[in-house]
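Each remark here refers to the structure printed beneath this line.
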Amino acid sequence: MFGLGPYPNSKVMEEGKKEMGSRLVQELAMSGRDAPTSYIQRDPVRQINSPPHTSAQVPVIDLNRLSQSDGADESVKFRDALQSWGLFLAVNHGIPSSFLDEVLNLSTEFFHLPLEEKQKFANLVDGKEFKLEGYGNDIVLRDDQTLDWNDRLYLLVQPEDQRNLDVWPTNPVSFRDVLHTFGKNTQTVRAQILRAMAKVLELKEDCFVKQFDEKANMYARFNYYPLCKRPDLVFGLKPHADASAMTILLLDKEVAGLQVRKNAEWVDVPVFPDSLLVVIGDGIEIMSNGIFKSPIHRVVANSEKERLSVVMFSALDPEKNLEPLDEPIDETRPRMYKTVKTKDYLADHFKHFAEGKRTLDFYKI
Ligand code: OGA
Ligand code: NI
């Protein structure tokens, strides 16, 4: 998922304001009530817990080796990960594990605060007008929209001068500093990966990285998945691809739940402490002219354990065009996607996510 940019139009905005007040999943979970019908998945996506028949395992890439002269094997693995999975677990990424722990711990602390405390940073103005950033749920654009079993805190991290600090938590006290630093760290890891991508395609090394200028957007989404009594009927996060260019996730150290679609099967992303999960978003799929894949993924709910993830979405400057770079286009590989302004793509994504459609399909040539 990835919400940013303007909402599609004011009519859906009006509809989106309905019933926003009492939708915190954490509160629902604590009430012990059954999941309301709006959370229940309808066919044909219902087979939530069917185990995969594949032994395929999510690739693990050593970012340090990738940049070394003897890293040829790692580059082969990396290229395969980007082309056939669209995601990988990154190790040796350079961010100290004690710092990653701090990010996870502070995030857990935030969601465990009393409701009144969290609502100081709510994404609802006076309990009704929906804002993109802040604490709450995703916007509801349709009456028949199936809802997800998670609450989230959503914040613009970059560009720094566009931050809305009024919705940046001050409790826990170090929250803002830690998120600021995590944003910087994520940017460094992102650059490392973007350079490596150009290298494996034998393109100019800065061709991807230079797309992310000082106006490029980075959003943080803290996902909190409370216990759910009916994980057979309800998703933590329904199947989607990310509308970002690239997503870097810090996943729960103990509880799995994220799954990726690979060869028509759902494959579990394993718990892998101290790693980061890198997911290709639609933006990189488009920029690479379809060589790298933006994967469909989802989160299953859990009846025994709560789960947390910290997700950093990177997108281009909203005013910048999103289109295939010149380099990956040639006679054997004609241009595969139309040009679209980044902010228009993201606005479309809101609408399509609510309708259960895939935005990328509308931009294929
Ligand atoms: C997302 C996402 C996965 C997770 O927020 O887009 O895919 O494990 N999250 O929370
Ligand atoms: Ni996602």
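The values are calculated or read from the model by the stated rules, or taken from the named source; none is laboratory data. Treat the numbers as computed from the prediction; the structure is a model and nothing was measured. Note that each Cβ is placed from the backbone with ideal geometry, even for glycine, and that neighbours are counted across all protein chains shown. The accessibility values were calculated without ligands, DNA or RNA, using every heavy atom of the protein model including side chains. Shrake-Rupley method; radii C 1.70, N 1.55, O 1.52, S 1.80 Å.
Simple rule: put +1 on each Lys or Arg Cβ and -1 on each Asp or Glu Cβ in the chain, find the dipole, and look at Gln26, Ser84, Ile365; the Cα lying farthest toward the positive end is Ile365. Reducing the range 200-251 and the range 140-167 to their Cα centroids gives an inter-centroid distance of 13 Å.
Think of it as helices only: each DSSP H run of n ≥ 4 in the chain is worth -39500 (n - 2.57), and spread over all residues that comes to -7500 deg cm²/dmol at 222 nm. Rounded to the nearest 20, the size of the Cβ-charge dipole of the range 59-177 about its Cα centre is 120 debye, with Lys and Arg at +1 and Asp and Glu at -1.
For Ser84, the accessible area of its heavy atoms, probed at 1.4 Å with every protein chain present, is near 50 square angstrom.
Charge dipole of the chain (Cα centre as origin; +1 on each Lys and Arg Cβ, -1 on each Asp and Glu Cβ, all else neutral): 640 debye, rounded to the nearest 20. The distance linking the range 299-322 with the range 61-102 is 19 Å (Cα centroid to Cα centroid, whole angstrom).
With r defined as the distance between the Cβ atoms of Glu116 and Lys364 and R0 fixed at 41 Å, what FRET efficiency is calculated, to the nearest 0.05? Between Glu116 and Lys364 the formula returns 0.30. To the nearest ten degrees, helix 342-355 and the longest principal axis of the Cα atoms of the chain are 50 degrees apart. With a 1.4 Å probe rolled over the protein heavy atoms of all chains, the accessible area of Met246, Met30 falls in the order Met30, Met246, largest first. Sorting Arg298, Arg176 by accessible area puts them as Arg176, Arg298; the probe is 1.4 Å, largest comes first, and only protein heavy atoms count. Taking a ≥ b ≥ c as the square roots of the eigenvalues of the Cα gyration tensor, the range 163-215 is prolate, since a/c reaches 1.5 or more and a/b is larger than b/c. Across the range 325-332, rounded Karplus estimates of 3J(HN,Hα) from the backbone phi angles (6.51 cos²θ - 1.76 cosθ + 1.60, θ = phi - 60°) give 5, 5, 4, x, 10, 8, 4, 7 Hz, Gly and Pro being marked x. Per residue, the chain exposes an accessible area of 43 Å² to a 1.4 Å probe, with every protein chain left in place. Between the residues Val60, Leu194, Tyr345, the greatest Cα displacement towards the positive end of the dipole of the chain, with unit charges on the Cβ of Lys, Arg, Asp and Glu, is found for Tyr345.
Count the net charge of all other residues whose Cβ sits under 15 Å from the Cβ of Val269, scoring Lys and Arg as +1 and Asp and Glu as -1. Charge balance near Val269 sits at -1. In a DSSP loop and with at most 11 other Cβ atoms within 10 Å, the GluC sites (Glu not before Pro) in the range 160-240 are Glu202, Glu214.
In a simple Cβ point-charge model (Lys, Arg +1; Asp, Glu -1; nothing else charged), the range 134-287 has a dipole of about 160 debye relative to its Cα centre. Spin-label model, Ile329/Ser303: points 7 Å from Cα along the beta carbon direction are separated by 5.3 nm. Accessible area of the chain with a 1.4 Å probe: how many percent of it is carbon plus sulfur? Exposed carbon and sulfur together represent 49 percent of the surface. For the pair Ser174 and Gln83 in one chain, pulling the backbone fully straight at 0.36 nm per residue adds 28.9 nm over the alpha carbon distance. When the pairs Lys184/Lys253; Lys204/Lys293; Lys320/Lys364; Lys131/Lys364; Lys118/Lys351; Lys204/Lys238 are compared against a 29 Å limit on Cα-Cα distance, Lys131/Lys364; Lys204/Lys238 fall above it.
Taking every protein chain into account, the 1.4 Å probe leaves Asp344 with about 70 Å² of accessible area, to the nearest ten. When all protein chains stay in place and ligands, DNA and RNA are ignored, the 1.4 Å accessible-area order of Val271, Val311, largest first, is Val271, Val311. Remark: the Asp268-Thr108 segment gains 55.3 nm on full extension, using 0.36 nm per residue and subtracting the alpha carbon distance.
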